[in-house]
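Heads up: the structure comes next, in structure tokens.
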Amino acid sequence: QVQLVESGGGLVQAGGSLRLSCAASGRTIRNYVMGWFRQAPGKEREIAAAISWSGSNAYYAGSAKGRFTISRDNAKNTVYLQMNSLKPEDTAVYYCAADDAGWTIATMARNYDYWGQGTQVTVSS
């Protein structure tokens, strides 16, 4: 069993940056695919970024590519999402998730087994 706790969200102006952190406890996440999902009011939860167990491969949503960077530190049992050049469209609750089932990076929320409670990111114009 893995517990995930996100931090680092907040209010930022368009063009600014935030770094989200996801701290895992209860079990090592070294063999888990880790993902960041986001959900805006009235919209479905969608993937923002995900990273393989080794950190050698990453996936980014088209809207995040070039602006977001996902990374992980397995020794610290932590995954990060660096968000630069933020846009109002990035406003959402951001969730950390862990997938213990597969080798490849999954992009659908249903494939992830453990979830954090989310952290709010608000980008003002």
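The values are calculated or read from the model by the stated rules, or taken from the named source; none is laboratory data. Quick caveat, the model's predicted, so the values are computed rather than measured. A quick note on method: Cβ atoms are made from the backbone with ideal geometry, for glycine too, and the neighbour counts reach across all protein chains shown. Quick note on the areas: whole protein, heavy atoms, side chains included, nothing else; ligands and nucleic acids left out. Shrake-Rupley method; radii C 1.70, N 1.55, O 1.52, S 1.80 Å.
Numbers for the structure displayed
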| item | result |
| --- | --- |
| Residue among R38, R19 that is open to solvent by less than 30 Å² (accessible area, probe 1.4 Å), touching a strand residue (DSSP E or B) at 6+ places or on another chain (Cβ under 9 Å) and of a type in the set (K, R) | R38 |
| Every pair of residues 6+ apart whose Cβ atoms lie under 9 Å, when the first sits in the stretch 43-57 and is touching a residue at least 24 places away in the same chain (Cβ under 8 Å) while the second is β-branched (V, I, T) and open to solvent by 90 Å² or more (accessible area, probe 1.4 Å) | S52/T104; N57/T104 |
| Check on V5, open to solvent by 30 Å² or more (accessible area, probe 1.4 Å), under 14 Å from the mean Cα position of the chain (by Cα) and among the β-branched types (V, I, T) | yes |
| Whichever residue in the stretch 87-108 is crowded, with 17+ Cβ neighbours inside 10 Å and of a type in the set (A, V, I, L, M, F, W, C) and, among such residues, is nearest to A14 (Cα to Cα) | A92 |
| Odd one out for W53 among (1) assigned to a loop (DSSP other than H, G, I, E, B); (2) under 11 Å from the mean Cα position of the chain (by Cα) | (2) |
| Matching residues, the stretch 109-121, being touching a helix residue (DSSP H, G or I) at 6+ places or on another chain (Cβ under 9 Å) and either hydroxyl-bearing (S, T, Y) or farther than 21 Å from A14 by Cα (or both) | W115 |
| Condition check for R45: of a type in the set (K, R), open to solvent by less than 40 Å² (accessible area, probe 1.4 Å) and within 19 Å of T107 (Cβ to Cβ) | no |
| Test: residue in the stretch 30-37 that is closer than 14 Å to K76 by Cα, of a type in the set (S, T, N, Q) and modelled with pLDDT under 95 | yes |
